[in-house]
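The values are calculated or read from the model by the stated rules, or taken from the named source; none is laboratory data. Owing to the predicted nature of the structure, the values given are computational and were not obtained by experimental measurement. Positions of Cβ are backbone-derived with ideal geometry, glycine not excepted, and every protein chain shown enters the neighbour counts.
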Amino acid sequence: MSQNVYDILVERGYIKQMTHEKEIKELLEKEKITFYIGFDPTADSLHVGHFIAMMFMRYMQQAGHRPIALIGGGTAMVGDPSGKTDMRKMLTKEQIQHNVDCIKKQMERFIDFSDGKALLVNNADWLLEQNYVEFLREVGVHFTVNRMLTAECFKQRMEKGLSFLEFNYMLMQGFDFYTLNQKYGCKMELGGDDQWSNMIAGVELVRRKAQREAYAMTCTLLTNSQGQKMGKTVGGALWLDSEKTSPYDFYQYWRNVDDADVEKCLKLLTFLPMEEVKRLSALQDAEINQAKEVLAYEITKIVHGEEEASKAQEAARALFANGGVSSEVPTLLYSNAELAAGKDVLTLLVDTKLAKNRSEARRLVQQGGVLVNGEKVTDFSKVFTHHDFNEDGALLIKKGKKGYYQIKEG
């Protein structure tokens, strides 16, 4: 008998909280259900935080359950206060629509939407046409302010101030679940653990208003061994869009995760069988780098495809092996005139974004963390010209173990 998807999700460490454990386990075993995950289009690309939700969705779909990817074209007009200390920036309808279009294309790489196997819907279709008084009578009547104020997503905002605009978000998300339940027979909401309060609101609304079964399961957030959110880089978020984060930089991020985070990432972010995950996670000392290579390759393959993953892996190996330069390494071009005049090492570090500013660049040099073409740079005023290019016609600048950039003429 095939393994229940519930057991797979537990074994791989996805599930954090759920509303009705016994019923959910039985439901997933006996039925093929329709479930949903919401994604607010606050940017024109998904990032690694969304990726774990899509892996959650993929495992469910592989077990025969039908996902609804709900894009929050309506909720994005208000902004989710969960996990935020300040109010989100207000987006225009045009910005939201652009983001929705971009996200739709990305989702189709991860979820199979063919032949009705999954649905892609936008809550703008029902939220933007709501009559406010009707909404209050139909939905607001089922919520008490006392109960809402105990929700974690509101509690942390009470001191700084919670706008009435954002206070409505929970009702809107609850109404999404109710609408999807009515239209598509959706029985379950999945989402990140920071959405727990909003998800309970949806479950309770469906149960009270529609008198139907409804459930919620949250996914563990992607954090490292120190409890910090993963997917943050010097340049900001680790995006799934290759224009925002190159496949090489994406690969390098996972190639350089801490040893303590390898097992968690292999479980949550790849489709490798658990026996292989355990084998790789048991590797120690220098051998753990083999596990990191597999991790980086597998995640990059899912997000950017096999060809880009292979190219990124070859580029990284070439750099680690002999300090050589590859076309896949991020490249900064200077004009012939600029290179003839020369660029000092601090300028190179800032221009390549390996350092945020000159004082950070100075600190890196002081700490001995900067190599140019394999040689440590200790002099802040050291100037490089095209006469310093290596045999590949480039300057390879390296920051610590993780940061690489090549300088070329162009």
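Do we have Glu159 as in a loop (DSSP other than H, G, I, E, B) and either basic (Lys, Arg) or out of contact with any Leu (no Cβ under 6 Å at 6 or more places or on another chain) (or both) here? Even if it seems obvious, please write down each step before you answer.
Details: in a loop (DSSP other than H, G, I, E, B): yes; either basic (Lys, Arg) or out of contact with any Leu (no Cβ under 6 Å at 6 or more places or on another chain) (or both): yes.
So Glu159 fits the description; yes.
Within the stretch 19-35, can one find any residue that is surrounded by 17 or more Cβ atoms within 10 Å (Cβ to Cβ), of a type outside the set (Lys, Arg) and closer than 22 Å to Ile103 by Cβ?
Scanning the stretch 19-35, I find at least one residue that is surrounded by 17 or more Cβ atoms within 10 Å (Cβ to Cβ), of a type outside the set (Lys, Arg) and closer than 22 Å to Ile103 by Cβ, so the answer is yes.
So the check is Cβ under 6 Å with 6+ separation or different chains; which pairs have a first residue in the stretch 38-53 that's in the same structural domain as Val100 (by TED's automatic domain parsing) and a second one that's in a strand (DSSP E or B) and among the β-branched types (Val, Ile, Thr)?
From residues that are in the same structural domain as Val100 (by TED's automatic domain parsing), the pairs are Phe39/Ile71; Pro41/Ile71; Ala53/Ile37.
Given the options Leu162, Leu136, Leu190, name the one that is more than 26 Å from Met18 (Cβ to Cβ) and crowded, with 17+ Cβ neighbours inside 10 Å.
Details: Leu136 fails: crowded, with 17+ Cβ neighbours inside 10 Å; Leu190 fails: more than 26 Å from Met18 (Cβ to Cβ).
Just one listed residue meets the conditions, Leu162.
Would you be able to say whether some residue in the stretch 273-289 is within 24 Å of Trp239 (Cβ to Cβ) and buried (at least 20 other Cβ atoms within 10 Å of the Cβ)? It would help to see each step written out before you state the result.
Start the filter on the stretch 273-289 by keeping residues that are within 24 Å of Trp239 (Cβ to Cβ), which leaves none.
There is no residue in the stretch 273-289 that is within 24 Å of Trp239 (Cβ to Cβ) and buried (at least 20 other Cβ atoms within 10 Å of the Cβ).
Do you know which of the residues in the stretch 107-133 that are closer than 14 Å to Asp40 by Cα and in contact with a Leu (Cβ under 9 Å, 6 or more places away or on another chain) is surrounded by the fewest Cβ atoms within 10 Å (Cβ to Cβ)?
So the residue we want is Leu120.
Residues in the stretch 341-371 that are outside any loop (DSSP other than H, G, I, E, B), surrounded by 14 or more Cβ atoms within 10 Å (Cβ to Cβ) and either modelled with pLDDT of 85 or more or in the same structural domain as Lys244 (by TED's automatic domain parsing) (or both): how many? Explain how you work it out, then say what you get.
From the stretch 341-371, those outside any loop (DSSP other than H, G, I, E, B) are 341, 343-351, 358-366, 370-371; that's our starting set.
Now restrict to residues that are surrounded by 14 or more Cβ atoms within 10 Å (Cβ to Cβ): 343-351, 358, 360-362, 364-365, 370-371.
Adding the requirement that they be either modelled with pLDDT of 85 or more or in the same structural domain as Lys244 (by TED's automatic domain parsing) (or both) leaves 343-351, 358, 360-362, 364-365, 370.
The qualifying residues number 16.
Of everything in the stretch 82-100 that's charged (D, E, K, R) and modelled with pLDDT under 85, which residue is nearest to the chain's Cα centre (by Cα)?
Our first condition is that a residue be charged (D, E, K, R); within the stretch 82-100, this holds for 84, 86, 88-89, 93-94.
Of the ones still in play, those that are also modelled with pLDDT under 85 are 84, 86, 88-89, 93.
Numbers: Lys84: 17, Asp86: 21, Arg88: 18, Lys89: 19, Lys93: 24 Å.
Among them, the one singled out is Lys84.
Any idea which residue in the stretch 381-410 is modelled with the lowest pLDDT, counting only those that are outside any strand (DSSP E or B) and closer than 13 Å to Lys343 by Cβ?
Of all residues in the stretch 381-410, those outside any strand (DSSP E or B) come to 381-382, 385-394, 400-402, 410.
Next cut, closer than 13 Å to Lys343 by Cβ only: 381-382, 385-389.
Values: Ser381: 83, Lys382: 86, Thr385: 84, His386: 77, His387: 80, Asp388: 82, Phe389: 80.
That would be His386.
Does Leu27 satisfy being among the aliphatic types (A, V, I, L, M) and outside any helix (DSSP H, G or I)? Break it down stepwise before answering.
Values: among the aliphatic types (A, V, I, L, M): yes; outside any helix (DSSP H, G or I): no.
The answer is no for Leu27.
To keep it simple, each residue is scored yes or no on (1) at pLDDT below 95; (2) assigned to a loop (DSSP other than H, G, I, E, B); (3) outside the structural domain of Leu136 (by TED's automatic domain parsing); (4) on the phi < 0 side of the Ramachandran plot.
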site: Ser225; (1), (2), (3), (4): yes, yes, yes, yes
site: Val257; (1), (2), (3), (4): yes, yes, yes, yes
site: Lys267; (1), (2), (3), (4): no, no, yes, yes
site: Glu287; (1), (2), (3), (4): yes, no, yes, yes
site: Leu295; (1), (2), (3), (4): no, no, yes, yes
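Could you please tell me which pairs satisfy a Cβ distance under 7 Å, a separation of 6+ or placement on different chains, a first residue in the stretch 149-168 that is touching a residue at least 40 places away in the same chain (Cβ under 8 Å) and among the polar types (S, T, N, Q), and a second residue that is buried (at least 17 other Cβ atoms within 10 Å of the Cβ) and not in a helix (DSSP H, G or I)?
Asn168/Val78
Which of (1) of a type in the set (Val, Ile, Thr); (2) exposed (fewer than 15 other Cβ atoms within 10 Å of the Cβ); (3) under 17 Å from Ile33 (Cα atoms) is the odd one out, the single condition Thr179 does not satisfy?
(2)
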